[in-house]
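The values are calculated or read from the model by the stated rules, or taken from the named source; none is laboratory data. Just so you know, these numbers come straight off a predicted model, no measurement behind them. Because the Cβ atoms are built from the backbone with ideal geometry, glycine has one as well, and the counts that use them run over all protein chains shown. Side chains are part of the model used for accessible areas, which takes the heavy atoms of the whole protein and leaves out ligands, DNA and RNA. Shrake-Rupley method; radii C 1.70, N 1.55, O 1.52, S 1.80 Å.
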Amino acid sequence: QVQLVESGGGLVPPGGSLRLSCVSSRSIFSFDAMGWYRQAPGKQRELVASITTGGLTNYADSVKGRFTISREYAKSTVYLQMNSLKSEDTAVYYCNANWEGADYWGQGTQVTVSS
């Protein structure tokens, strides 16, 4: 089993920055890929960014150039650096890990972009 715990969400004004963290109970070396998803009220959950074991990254078009996904193996942690935040980035952000064909999710962290 895998437990994922997100942190770092909060209220930030437009143009601000936040860094989300996702700590895994299992070494992230194990995972085929990890990613960040988000879900806004009334909308489907969508992929924001992902990173494979080989280091390949993928971003939603809406966040390219503003968000960066990274990882720190020693801390079994994946990060999402979010810059130039917009009101439309407001959502609950979830960490995801894919391991042996199964998906694991964190509990989510709320990000609210508002003045």
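Okay, here's what the table says:
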item: Accessible surface of the chain [probe 1.4 Å, protein heavy atoms]: carbon and sulfur percent; result: 48 percent
item: Highest-first arrangement of 91-97, 51-57, 18-24, where packing means the average Cβ count within 10 Å; result: 91-97, 18-24, 51-57
item: J(HN,Hα) series, the stretch 68-75, from Karplus relation 6.51 cos²θ - 1.76 cosθ + 1.60, nearest Hz, glycine and proline x; result: 9, 9, 8, 9, 9, 4, 4, 9
item: Fraction of alpha-carbon pairs over 23 Å apart in the stretch 36-115 - percent; result: 19 percent
